[in-house]
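Participant: This is the structure I want to talk about, given as C-alpha coordinates.
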Amino acid sequence: MPEINCYVNGELKNICVDYGETLLMMLRNRLGLTGVKKGCEVGECGACTVLVDGKPVTSCIYLALWVDGKNVLTVEGLTASGELSSLQQSFVEEGAVQCGFCIPGFLMSAYALLKKKKHPTETEIRNGIAGNFCRCTGYENIIRAIKNVNQTSTKAKLP
Amino acid sequence: MFNIKEHFSATSINETIRLLQDYPGAKLIAGGTDLLVKMRKASPKCPVSLISLREIVELSQIYLTETGNLSIGATVTFDEICNNELILEKMPFLAQVAATIGGPQLRNMATVGGNLCSGAPSADSAPALLALDARLELIGPQGKRLLDVKEFFLGPFQVDLRDNEILSCIIIPLSSERALGGYYYKYSMRNAMDIATLSCASVCEIDAKNCLKSVRIALGTAAPTPIRCFKAERFAEGQQFSKELLERVALIAQSEAKPRSSWRASKEYRLHLVKVLVARTLKQAYLNAGGVI
(Lines give C-alpha, C1' and ligand atoms only; values in the text may rest on other atoms or scores of the structure.)
Protein backbone atom coordinates (compact mmCIF):
# COMPACT_ATOMS: atom_id res chain seq x y z
CA MET A 1 0.00 0.00 0.00
CA PRO A 2 1.52 3.30 -1.06
CA GLU A 3 2.19 6.00 1.49
CA ILE A 4 1.29 9.59 0.82
CA ASN A 5 2.02 12.90 2.52
CA CYS A 6 -0.41 15.76 2.28
CA TYR A 7 -1.82 18.67 4.21
CA VAL A 8 -5.44 18.27 5.26
CA ASN A 9 -7.07 21.36 6.78
CA GLY A 10 -3.61 22.71 7.56
CA GLU A 11 -2.26 19.58 9.24
CA LEU A 12 0.46 17.40 7.73
CA LYS A 13 -0.76 13.83 7.31
CA ASN A 14 1.19 10.72 6.48
CA ILE A 15 -1.26 8.06 5.31
CA CYS A 16 -1.21 4.61 3.70
CA VAL A 17 -3.87 4.32 1.02
CA ASP A 18 -5.06 1.63 -1.35
CA TYR A 19 -4.61 2.14 -5.09
CA GLY A 20 -8.35 2.00 -5.60
CA GLU A 21 -9.22 4.29 -2.71
CA THR A 22 -10.81 7.62 -3.51
CA LEU A 23 -10.01 10.89 -1.77
CA LEU A 24 -13.60 10.81 -0.48
CA MET A 25 -13.02 7.46 1.23
CA MET A 26 -9.68 8.55 2.64
CA LEU A 27 -11.13 11.73 4.14
CA ARG A 28 -14.22 10.09 5.61
CA ASN A 29 -12.91 6.69 6.65
CA ARG A 30 -9.28 7.22 7.53
CA LEU A 31 -9.43 10.82 8.78
CA GLY A 32 -12.98 10.86 10.14
CA LEU A 33 -13.87 13.96 8.14
CA THR A 34 -17.48 13.00 7.60
CA GLY A 35 -18.44 16.53 6.63
CA VAL A 36 -17.40 15.43 3.14
CA LYS A 37 -20.54 13.73 1.82
CA LYS A 38 -20.95 10.69 -0.38
CA GLY A 39 -23.67 11.42 -2.95
CA CYS A 40 -23.71 10.05 -6.49
CA GLU A 41 -20.15 8.69 -6.46
CA VAL A 42 -19.77 9.54 -10.16
CA GLY A 43 -18.75 13.18 -9.94
CA GLU A 44 -22.13 14.65 -10.90
CA CYS A 45 -23.79 15.95 -7.73
CA GLY A 46 -20.94 17.84 -6.05
CA ALA A 47 -21.79 16.69 -2.50
CA CYS A 48 -18.22 15.37 -2.12
CA THR A 49 -16.56 18.62 -3.21
CA VAL A 50 -13.31 19.49 -1.44
CA LEU A 51 -10.52 21.86 -2.40
CA VAL A 52 -7.20 20.46 -3.60
CA ASP A 53 -4.57 23.20 -3.80
CA GLY A 54 -7.41 25.71 -3.65
CA LYS A 55 -9.40 24.19 -6.52
CA PRO A 56 -12.74 22.42 -6.08
CA VAL A 57 -12.77 18.77 -7.14
CA THR A 58 -15.27 15.95 -6.78
CA SER A 59 -13.43 13.69 -4.36
CA CYS A 60 -15.50 10.63 -5.28
CA ILE A 61 -13.64 10.27 -8.59
CA TYR A 62 -10.29 11.59 -7.37
CA LEU A 63 -7.87 8.89 -6.27
CA ALA A 64 -6.41 9.34 -2.78
CA LEU A 65 -2.94 8.65 -4.23
CA TRP A 66 -3.14 11.80 -6.27
CA VAL A 67 -3.26 14.10 -3.27
CA ASP A 68 0.35 13.28 -2.36
CA GLY A 69 2.23 16.53 -1.86
CA LYS A 70 -0.94 18.60 -2.05
CA ASN A 71 -3.13 20.71 0.24
CA VAL A 72 -6.67 19.56 0.93
CA LEU A 73 -9.37 21.72 2.46
CA THR A 74 -12.70 20.28 3.63
CA VAL A 75 -15.69 21.94 5.28
CA GLU A 76 -14.19 21.12 8.67
CA GLY A 77 -11.26 23.34 7.76
CA LEU A 78 -13.22 26.49 6.95
CA THR A 79 -12.67 27.81 10.44
CA ALA A 80 -9.98 26.86 12.88
CA SER A 81 -12.04 27.56 15.94
CA GLY A 82 -15.14 25.46 15.32
CA GLU A 83 -17.35 28.55 15.10
CA LEU A 84 -19.15 29.37 11.87
CA SER A 85 -17.27 31.30 9.20
CA SER A 86 -18.97 34.37 7.73
CA LEU A 87 -19.86 32.28 4.67
CA GLN A 88 -21.45 29.60 6.84
CA GLN A 89 -23.23 32.26 8.90
CA SER A 90 -24.60 33.79 5.72
CA PHE A 91 -25.98 30.37 4.70
CA VAL A 92 -27.76 30.12 8.04
CA GLU A 93 -29.16 33.67 7.90
CA GLU A 94 -30.44 33.32 4.34
CA GLY A 95 -32.19 30.01 4.97
CA ALA A 96 -29.90 28.25 2.49
CA VAL A 97 -29.85 25.05 4.56
CA GLN A 98 -32.75 22.59 4.59
CA CYS A 99 -31.72 18.95 4.94
CA GLY A 100 -28.12 20.12 4.81
CA PHE A 101 -26.64 17.24 2.87
CA CYS A 102 -25.47 19.29 -0.11
CA ILE A 103 -24.20 22.16 2.00
CA PRO A 104 -20.57 21.16 2.64
CA GLY A 105 -20.11 20.78 -1.13
CA PHE A 106 -21.73 24.17 -1.79
CA LEU A 107 -19.60 25.81 0.89
CA MET A 108 -16.39 24.52 -0.69
CA SER A 109 -17.41 25.68 -4.18
CA ALA A 110 -18.54 29.05 -2.81
CA TYR A 111 -15.37 29.45 -0.75
CA ALA A 112 -13.21 28.85 -3.84
CA LEU A 113 -15.34 31.29 -5.87
CA LEU A 114 -15.12 34.04 -3.25
CA LYS A 115 -11.36 33.61 -2.98
CA LYS A 116 -11.11 34.38 -6.70
CA LYS A 117 -13.66 37.19 -6.62
CA LYS A 118 -14.87 38.89 -3.47
CA HIS A 119 -18.06 40.30 -5.01
CA PRO A 120 -19.20 37.96 -7.77
CA THR A 121 -22.23 38.81 -9.88
CA GLU A 122 -25.23 36.53 -9.74
CA THR A 123 -24.19 34.96 -13.05
CA GLU A 124 -20.72 34.29 -11.69
CA ILE A 125 -22.23 32.73 -8.57
CA ARG A 126 -24.52 30.50 -10.63
CA ASN A 127 -21.56 29.39 -12.76
CA GLY A 128 -19.41 28.88 -9.65
CA ILE A 129 -21.92 26.52 -8.05
CA ALA A 130 -23.00 24.83 -11.29
CA GLY A 131 -21.35 21.58 -10.17
CA ASN A 132 -23.43 21.30 -6.98
CA PHE A 133 -26.98 19.96 -6.81
CA CYS A 134 -29.60 20.67 -4.16
CA ARG A 135 -32.92 18.83 -4.04
CA CYS A 136 -34.46 20.87 -1.23
CA THR A 137 -33.99 24.58 -1.60
CA GLY A 138 -34.41 25.56 -5.23
CA TYR A 139 -31.03 27.35 -5.01
CA GLU A 140 -32.30 30.94 -4.55
CA ASN A 141 -31.34 31.15 -0.87
CA ILE A 142 -27.96 29.58 -1.54
CA ILE A 143 -27.23 32.15 -4.24
CA ARG A 144 -28.34 34.99 -1.97
CA ALA A 145 -26.20 33.66 0.88
CA ILE A 146 -23.12 33.74 -1.34
CA LYS A 147 -24.02 37.16 -2.72
CA ASN A 148 -24.56 38.71 0.69
CA VAL A 149 -21.65 37.29 2.62
CA ASN A 150 -19.34 40.23 1.96
CA GLN A 151 -22.03 42.86 2.12
CA THR A 152 -22.67 44.66 5.39
CA SER A 153 -26.04 43.41 6.48
CA THR A 154 -28.79 45.92 7.18
CA LYS A 155 -31.17 43.22 8.34
CA ALA A 156 -31.82 42.66 12.03
CA LYS A 157 -29.64 39.85 13.35
CA LEU A 158 -31.35 36.60 14.29
CA PRO A 159 -31.75 36.15 18.03
CA MET B 1 -13.25 1.11 -3.80
CA PHE B 2 -12.05 0.70 -7.35
CA ASN B 3 -10.45 -2.62 -8.21
CA ILE B 4 -7.06 -1.23 -9.18
CA LYS B 5 -4.33 -3.83 -9.33
CA GLU B 6 -1.46 -1.44 -9.91
CA HIS B 7 -1.07 2.32 -10.35
CA PHE B 8 2.07 3.56 -12.08
CA SER B 9 2.89 7.25 -11.92
CA ALA B 10 4.86 7.66 -15.16
CA THR B 11 7.32 10.54 -15.15
CA SER B 12 8.08 10.64 -18.87
CA ILE B 13 6.50 9.83 -22.22
CA ASN B 14 9.12 7.14 -22.88
CA GLU B 15 8.39 5.50 -19.54
CA THR B 16 4.68 5.55 -20.38
CA ILE B 17 5.23 3.75 -23.69
CA ARG B 18 7.42 1.16 -21.97
CA LEU B 19 4.75 0.60 -19.34
CA LEU B 20 2.07 0.25 -22.02
CA GLN B 21 4.17 -2.44 -23.69
CA ASP B 22 5.03 -4.22 -20.43
CA TYR B 23 1.47 -4.19 -19.13
CA PRO B 24 -0.91 -4.98 -21.98
CA GLY B 25 -4.44 -4.01 -21.04
CA ALA B 26 -3.29 -1.26 -18.68
CA LYS B 27 -5.28 1.94 -19.02
CA LEU B 28 -3.93 5.45 -19.31
CA ILE B 29 -5.40 7.91 -16.81
CA ALA B 30 -5.10 11.67 -16.47
CA GLY B 31 -8.16 13.43 -15.03
CA GLY B 32 -10.03 10.17 -14.62
CA THR B 33 -13.41 11.80 -15.08
CA ASP B 34 -14.39 9.39 -17.88
CA LEU B 35 -12.38 6.32 -16.87
CA LEU B 36 -13.19 6.22 -13.15
CA VAL B 37 -16.89 6.71 -13.85
CA LYS B 38 -16.75 3.78 -16.32
CA MET B 39 -14.87 1.70 -13.75
CA ARG B 40 -17.47 2.55 -11.11
CA LYS B 41 -20.13 1.06 -13.33
CA ALA B 42 -18.05 -1.93 -14.47
CA SER B 43 -17.74 -5.20 -12.66
CA PRO B 44 -15.67 -4.90 -9.48
CA LYS B 45 -14.26 -8.34 -10.27
CA CYS B 46 -12.15 -6.97 -13.16
CA PRO B 47 -8.89 -5.62 -11.75
CA VAL B 48 -7.39 -2.77 -13.77
CA SER B 49 -3.82 -1.54 -14.01
CA LEU B 50 -3.52 2.21 -14.39
CA ILE B 51 -0.73 4.26 -15.93
CA SER B 52 -1.10 7.80 -14.68
CA LEU B 53 0.05 10.68 -16.89
CA ARG B 54 -0.41 13.24 -14.12
CA GLU B 55 3.28 13.61 -13.22
CA ILE B 56 4.55 14.06 -16.79
CA VAL B 57 5.48 17.71 -17.03
CA GLU B 58 5.89 17.71 -20.82
CA LEU B 59 2.21 16.78 -21.26
CA SER B 60 0.84 19.70 -19.27
CA GLN B 61 2.42 22.62 -21.10
CA ILE B 62 0.85 25.39 -23.17
CA TYR B 63 3.31 27.29 -25.34
CA LEU B 64 4.07 28.75 -28.76
CA THR B 65 6.12 26.45 -30.98
CA GLU B 66 9.13 27.63 -33.00
CA THR B 67 6.84 27.95 -36.03
CA GLY B 68 4.48 30.20 -34.09
CA ASN B 69 1.73 27.66 -33.51
CA LEU B 70 -0.06 27.01 -30.24
CA SER B 71 0.76 23.73 -28.50
CA ILE B 72 -1.58 22.44 -25.80
CA GLY B 73 -0.46 19.39 -23.82
CA ALA B 74 -2.78 16.42 -23.56
CA THR B 75 -3.11 16.62 -19.78
CA VAL B 76 -3.97 20.32 -19.68
CA THR B 77 -7.25 20.71 -17.80
CA PHE B 78 -10.19 22.71 -19.06
CA ASP B 79 -9.84 25.14 -16.17
CA GLU B 80 -6.25 25.78 -17.26
CA ILE B 81 -7.45 26.46 -20.80
CA CYS B 82 -10.06 28.92 -19.50
CA ASN B 83 -7.48 30.93 -17.59
CA ASN B 84 -4.27 30.59 -19.60
CA GLU B 85 -2.84 33.96 -20.64
CA LEU B 86 -1.39 32.73 -23.92
CA ILE B 87 -4.71 31.17 -24.95
CA LEU B 88 -6.67 34.25 -23.91
CA GLU B 89 -4.34 36.37 -26.01
CA LYS B 90 -3.95 34.17 -29.10
CA MET B 91 -7.08 32.00 -29.20
CA PRO B 92 -9.75 33.16 -26.71
CA PHE B 93 -12.23 31.01 -28.63
CA LEU B 94 -10.70 27.96 -26.92
CA ALA B 95 -11.31 29.47 -23.49
CA GLN B 96 -14.94 30.02 -24.47
CA VAL B 97 -15.23 26.35 -25.49
CA ALA B 98 -13.51 25.08 -22.34
CA ALA B 99 -15.98 26.97 -20.14
CA THR B 100 -18.90 24.95 -21.55
CA ILE B 101 -17.62 21.65 -20.19
CA GLY B 102 -19.22 20.13 -17.10
CA GLY B 103 -18.92 22.34 -14.04
CA PRO B 104 -16.14 23.95 -12.01
CA GLN B 105 -15.05 20.74 -10.27
CA LEU B 106 -14.93 18.73 -13.49
CA ARG B 107 -13.02 21.47 -15.30
CA ASN B 108 -10.35 21.28 -12.59
CA MET B 109 -9.92 17.56 -13.21
CA ALA B 110 -10.81 16.73 -16.83
CA THR B 111 -8.17 17.04 -19.54
CA VAL B 112 -8.45 18.06 -23.18
CA GLY B 113 -6.54 14.92 -24.24
CA GLY B 114 -8.88 12.67 -22.33
CA ASN B 115 -11.89 14.40 -23.86
CA LEU B 116 -10.55 14.03 -27.39
CA CYS B 117 -9.39 10.41 -26.97
CA SER B 118 -12.80 9.37 -25.63
CA GLY B 119 -14.00 9.59 -29.24
CA ALA B 120 -17.42 10.60 -28.00
CA PRO B 121 -19.50 12.15 -30.80
CA SER B 122 -20.49 14.76 -28.20
CA ALA B 123 -16.94 15.56 -26.98
CA ASP B 124 -16.95 19.31 -26.47
CA SER B 125 -13.34 19.89 -27.49
CA ALA B 126 -13.81 18.14 -30.83
CA PRO B 127 -15.84 20.62 -32.95
CA ALA B 128 -13.55 23.52 -32.01
CA LEU B 129 -10.37 21.59 -32.76
CA LEU B 130 -11.85 20.39 -36.04
CA ALA B 131 -12.76 23.97 -36.95
CA LEU B 132 -9.24 25.12 -36.08
CA ASP B 133 -7.60 22.42 -38.25
CA ALA B 134 -5.68 21.19 -35.23
CA ARG B 135 -2.98 18.56 -35.55
CA LEU B 136 -2.42 15.87 -32.98
CA GLU B 137 1.00 14.66 -31.95
CA LEU B 138 0.86 10.95 -31.19
CA ILE B 139 3.85 9.11 -29.77
CA GLY B 140 4.35 5.35 -29.69
CA PRO B 141 7.04 2.68 -29.90
CA GLN B 142 7.43 3.49 -33.66
CA GLY B 143 8.08 7.13 -32.83
CA LYS B 144 6.12 10.35 -33.32
CA ARG B 145 3.41 11.05 -35.86
CA LEU B 146 1.39 14.14 -36.60
CA LEU B 147 -2.23 13.52 -37.45
CA ASP B 148 -4.81 15.98 -38.72
CA VAL B 149 -7.63 15.95 -36.18
CA LYS B 150 -10.03 15.37 -39.10
CA GLU B 151 -8.51 11.88 -39.47
CA PHE B 152 -8.63 11.06 -35.76
CA PHE B 153 -12.29 10.14 -35.34
CA LEU B 154 -13.02 6.71 -36.81
CA GLY B 155 -16.45 6.01 -35.37
CA PRO B 156 -18.44 6.46 -32.18
CA PHE B 157 -15.90 6.12 -29.32
CA GLN B 158 -13.21 4.97 -31.76
CA VAL B 159 -10.17 7.07 -32.44
CA ASP B 160 -6.96 6.51 -34.38
CA LEU B 161 -4.84 5.91 -31.31
CA ARG B 162 -2.75 2.83 -32.04
CA ASP B 163 -1.49 0.21 -29.62
CA ASN B 164 0.88 1.60 -27.03
CA GLU B 165 0.48 5.11 -28.39
CA ILE B 166 -0.31 8.27 -26.44
CA LEU B 167 -1.57 11.69 -27.46
CA SER B 168 1.10 14.10 -26.32
CA CYS B 169 -0.13 17.46 -27.54
CA ILE B 170 -2.56 19.34 -29.76
CA ILE B 171 -1.10 21.85 -32.18
CA ILE B 172 -3.24 24.71 -33.36
CA PRO B 173 -2.04 26.71 -36.34
CA LEU B 174 -2.16 30.45 -35.73
CA SER B 175 -2.68 32.82 -38.62
CA SER B 176 -0.58 35.90 -38.15
CA GLU B 177 -2.31 37.92 -40.85
CA ARG B 178 -5.95 38.24 -40.00
CA ALA B 179 -7.94 38.16 -36.80
CA LEU B 180 -9.73 34.86 -36.41
CA GLY B 181 -13.19 34.77 -34.93
CA GLY B 182 -14.63 31.63 -33.42
CA TYR B 183 -17.71 30.67 -31.48
CA TYR B 184 -18.98 27.42 -29.98
CA TYR B 185 -22.58 26.80 -29.00
CA LYS B 186 -23.45 23.74 -26.98
CA TYR B 187 -27.15 23.01 -26.93
CA SER B 188 -28.05 20.85 -23.95
CA MET B 189 -30.94 20.39 -21.52
CA ARG B 190 -29.06 22.03 -18.67
CA ASN B 191 -26.79 25.06 -18.60
CA ALA B 192 -24.01 22.97 -17.04
CA MET B 193 -23.16 19.37 -16.14
CA ASP B 194 -24.73 18.01 -19.29
CA ILE B 195 -23.76 16.29 -22.50
CA ALA B 196 -24.44 18.19 -25.72
CA THR B 197 -27.65 17.32 -27.55
CA LEU B 198 -26.08 19.11 -30.47
CA SER B 199 -23.16 21.49 -30.72
CA CYS B 200 -21.57 23.66 -33.37
CA ALA B 201 -18.25 25.47 -33.68
CA SER B 202 -17.73 28.07 -36.40
CA VAL B 203 -14.52 29.86 -37.20
CA CYS B 204 -13.77 32.48 -39.85
CA GLU B 205 -11.64 35.40 -40.82
CA ILE B 206 -12.64 38.44 -42.83
CA ASP B 207 -10.72 40.14 -45.60
CA ALA B 208 -10.29 43.82 -46.44
CA LYS B 209 -13.63 43.83 -48.25
CA ASN B 210 -15.43 42.36 -45.21
CA CYS B 211 -15.91 39.02 -46.99
CA LEU B 212 -15.77 35.71 -45.12
CA LYS B 213 -12.48 33.85 -45.46
CA SER B 214 -11.24 30.49 -44.12
CA VAL B 215 -14.71 29.52 -42.99
CA ARG B 216 -14.81 26.30 -41.02
CA ILE B 217 -17.88 24.76 -39.46
CA ALA B 218 -17.89 21.67 -37.25
CA LEU B 219 -20.70 19.80 -35.55
CA GLY B 220 -20.87 17.59 -32.48
CA THR B 221 -23.50 14.94 -31.79
CA ALA B 222 -24.73 15.36 -35.37
CA ALA B 223 -23.14 12.23 -36.84
CA PRO B 224 -21.35 9.06 -35.63
CA THR B 225 -18.28 11.24 -35.12
CA PRO B 226 -17.68 14.99 -34.78
CA ILE B 227 -17.65 16.31 -38.37
CA ARG B 228 -16.79 19.27 -40.53
CA CYS B 229 -19.36 20.71 -42.94
CA PHE B 230 -17.14 21.02 -46.01
CA LYS B 231 -19.89 21.85 -48.53
CA ALA B 232 -21.26 24.62 -46.32
CA GLU B 233 -17.75 25.98 -45.81
CA ARG B 234 -17.01 26.06 -49.54
CA PHE B 235 -20.26 27.87 -50.19
CA ALA B 236 -19.55 30.53 -47.56
CA GLU B 237 -15.96 31.12 -48.64
CA GLY B 238 -15.38 34.58 -50.08
CA GLN B 239 -18.99 35.66 -49.65
CA GLN B 240 -20.30 38.92 -48.23
CA PHE B 241 -21.94 38.43 -44.88
CA SER B 242 -25.72 38.62 -44.93
CA LYS B 243 -28.69 37.07 -43.21
CA GLU B 244 -29.54 35.25 -46.43
CA LEU B 245 -26.01 33.84 -46.64
CA LEU B 246 -26.31 32.50 -43.10
CA GLU B 247 -29.58 30.77 -43.95
CA ARG B 248 -28.20 29.19 -47.10
CA VAL B 249 -25.01 28.03 -45.39
CA ALA B 250 -27.05 26.57 -42.54
CA LEU B 251 -29.25 24.65 -44.96
CA ILE B 252 -26.23 23.16 -46.72
CA ALA B 253 -24.68 22.17 -43.36
CA GLN B 254 -27.97 20.52 -42.45
CA SER B 255 -27.63 18.26 -45.52
CA GLU B 256 -24.19 17.16 -44.35
CA ALA B 257 -25.27 16.19 -40.86
CA LYS B 258 -26.27 12.59 -40.08
CA PRO B 259 -27.73 12.74 -36.57
CA ARG B 260 -29.59 9.90 -34.98
CA SER B 261 -32.60 9.82 -32.69
CA SER B 262 -31.74 9.16 -29.07
CA TRP B 263 -33.45 9.69 -25.75
CA ARG B 264 -32.08 13.24 -25.75
CA ALA B 265 -33.62 14.30 -29.04
CA SER B 266 -35.04 13.02 -32.27
CA LYS B 267 -33.10 13.04 -35.51
CA GLU B 268 -35.53 15.68 -36.84
CA TYR B 269 -34.98 17.99 -33.89
CA ARG B 270 -31.21 17.61 -34.19
CA LEU B 271 -31.37 18.48 -37.90
CA HIS B 272 -33.37 21.56 -36.95
CA LEU B 273 -30.74 22.45 -34.35
CA VAL B 274 -27.99 22.14 -36.97
CA LYS B 275 -29.70 24.80 -39.07
CA VAL B 276 -30.19 27.15 -36.14
CA LEU B 277 -26.75 26.68 -34.57
CA VAL B 278 -24.71 26.93 -37.77
CA ALA B 279 -26.35 30.30 -38.52
CA ARG B 280 -25.96 31.49 -34.93
CA THR B 281 -22.34 30.46 -34.50
CA LEU B 282 -21.19 31.64 -37.92
CA LYS B 283 -22.73 35.04 -37.25
CA GLN B 284 -20.95 35.29 -33.90
CA ALA B 285 -17.67 34.06 -35.38
CA TYR B 286 -17.97 36.79 -38.01
CA LEU B 287 -18.53 39.41 -35.30
CA ASN B 288 -15.64 38.03 -33.27
CA ALA B 289 -13.40 38.28 -36.34
CA GLY B 290 -14.18 41.99 -36.47
CA GLY B 291 -17.02 41.81 -38.95
CA VAL B 292 -19.66 44.50 -39.02
CA ILE B 293 -23.37 43.90 -39.54
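Participant: Hey, can you rank B:49-62, B:263-276, B:198-211 by average C-beta count inside 10 Å, highest first?
Facilitator: Ranked from most to least packed, the peptides come out as B:198-211, B:49-62, B:263-276.
Participant: Residue by residue through A:46-52, how many Cβ atoms from other chains fall within 10 Å of the Cβ on average?
Facilitator: 2
Participant: Related question: Computed on alpha carbon atoms, what radius of gyration and Dmax characterise region B:174-214, expressed in Å?
Facilitator: Just the Cα atoms of region B:174-214 yield Rg and Dmax of 14.5, 41 Å.
Participant: Taking the simple approach of a point 7 Å from Cα along Cα-to-Cβ for both B:ARG190 and A:ASN150, what is their distance in nm?
Facilitator: According to this spin-label approximation, the distance is 2.7 nm.
Participant: Which one, B:SER9, B:LEU70, B:VAL249, projects farthest toward the positive side of the charge dipole computed for chain B from Cβ point charges (K/R +1, D/E -1)?
Facilitator: B:VAL249
Participant: Under a point spin-label approximation (7 Å from Cα along Cα-to-Cβ), what is the B:LYS27-B:ASP148 distance to one decimal in nm?
Facilitator: Computed distance between label sites B:LYS27 and B:ASP148 equals 3.3 nm.
Participant: In debye to the nearest 20, how big a dipole does region A:44-112 give about its Cα centre with +1 on each Lys and Arg Cβ and -1 on each Asp and Glu Cβ?
Facilitator: Using Cβ point charges on Lys, Arg, Asp and Glu, region A:44-112 gives about 160 debye.
Participant: Say R0 is 25 Å: what FRET efficiency, to the nearest 0.05, do B:GLN61 and B:SER9 get from their beta-carbon distance?
Facilitator: With R0 = 25 Å, the Cβ-Cβ based efficiency is 0.85.
Participant: Residue by residue through B:94-105, how many Cβ atoms from other chains fall within 10 Å of the Cβ on average?
Facilitator: 5
Participant: Short version: what are the Cα gyration tensor semi-axes of region A:1-129, square root of 5 times each eigenvalue, largest first, in whole Å?
Facilitator: Taking √(5λ) for each eigenvalue gives 25, 15, 14 Å, largest first.
Participant: What is the Cα centroid distance between region B:89-167 and region B:67-87, reported in whole angstrom?
Facilitator: 12
Participant: Could I have the simple spin-label model distance between A:SER86 and A:THR34, label points 7 Å from Cα toward Cβ, reported in nm to one decimal?
Facilitator: 3.2
Participant: Then there's this: So with the 1.4 Å probe, I'd like the accessible area per residue for the protein assembly as shown, rounded to whole Å².
Facilitator: 46
Participant: Also, quick follow-up: State, as an integer percentage, the relative contact order of region A:44-159 based on alpha-carbon contacts under 8 Å between residues 6 or more apart.
Facilitator: 32
Participant: Rounded to whole Å, give me the distance from the Cα center of region B:234-288 to that of region A:1-74.
Facilitator: First find each Cα centre; the distance between them is then 44 Å.
Participant: Place a +1 charge on the Cβ of each Lys and Arg in region B:139-244 and a -1 charge on the Cβ of each Asp and Glu, then give the dipole magnitude about the Cα centre in debye, rounded to the nearest 20.
Facilitator: It comes to approximately 180 debye.
Participant: Give the shape of region B:64-186 as rounded, prolate or oblate, defined through the alpha-carbon gyration tensor: a ≥ b ≥ c are the square roots of its eigenvalues, a/c under 1.5 means rounded, and otherwise the shape is prolate if a/b is larger than b/c and oblate if not.
Facilitator: Since a/c reaches 1.5 but b/c is at least a/b, the shape of region B:64-186 is classed as oblate.
Participant: To continue, here is another question. Scale the Cα Rg of region B:119-258 by the rule-of-thumb value 2.2 N^0.38 Å and send over the ratio, two decimals.
Facilitator: Cα Rg divided by the expected 2.2 N^0.38 Å: 1.12.
Participant: Report, as an integer, the average count of C-beta atoms from other chains found within 10 Å of each Cβ along A:57-65.
Facilitator: Partner Cβ neighbours, averaged per residue: 6.
Participant: Report Rg(Cα)/(2.2 N^0.38 Å) for the protein assembly as shown, keeping two decimals.
Facilitator: Against the compact-globule rule of thumb, the ratio is 1.03.
Participant: Can you give the Rg/Rh ratio of chain B, where Rg is from the C-alpha atoms and Rh is the Kirkwood radius?
Facilitator: 0.98
Participant: Let me ask another. What's the magnitude of the charge dipole for the protein assembly as shown around its Cα centre, counting Lys and Arg as +1 and Asp and Glu as -1 at the beta-carbon? Answer in Debye, nearest 20.
Facilitator: Here the protein assembly as shown has a charge dipole of around 1300 debye.
Participant: Which of the listed residues, B:PRO127, B:VAL149, B:VAL159, is farthest toward the dipole's positive end in region B:122-219, when Lys, Arg count +1 and Asp, Glu count -1 at the beta-carbon?
Facilitator: Of the options given, the answer is B:PRO127.
Participant: A follow-up question, please. Determine the alpha carbon to alpha carbon distance for each of A:LYS55/B:LYS150; B:LYS27/B:LYS267; B:LYS186/B:LYS209; B:LYS90/B:LYS283; B:LYS90/B:LYS186 and list only those over 26 Å.
Facilitator: Beyond 26 Å between Cα atoms: A:LYS55/B:LYS150; B:LYS27/B:LYS267; B:LYS186/B:LYS209.
Participant: Starting from the Cα-Cα distance between B:ILE293 and B:ASP133, subtract it from 0.36 nm times their residue separation and give me the gain in nm to one decimal.
Facilitator: So the extension gain works out to 54.9 nm.
Participant: Using only Cα atoms, tell me the angle between helix B:243-256 and the longest principal axis of chain B; keep it within 0 to 90° and round to the nearest 10.
Facilitator: Taking the Cα atoms of chain B, the angle to B:243-256 is about 40 degrees.
Participant: Roll a 1.4 angstrom probe over the protein heavy atoms and tell me the percent of accessible area of chain B that is carbon or sulfur.
Facilitator: The value for chain B is 50 percent carbon and sulfur by accessible area.
Participant: Related question: R0 = 41 Å: FRET efficiency of A:GLU11 with B:ASP163, Cβ-based, nearest 0.05?
Facilitator: After rounding to 0.05, the efficiency reads 0.35.
The values are calculated or read from the model by the stated rules, or taken from the named source; none is laboratory data. Predicted model only: the values in this text are computed from it and were never measured. So basically every Cβ, Gly included, is an ideal-geometry build from the backbone, and we count neighbours across all protein chains shown. Please note that ligands, DNA and RNA were not included when accessible areas were found on the heavy atoms of the full protein model with its side chains. Shrake-Rupley method; radii C 1.70, N 1.55, O 1.52, S 1.80 Å.
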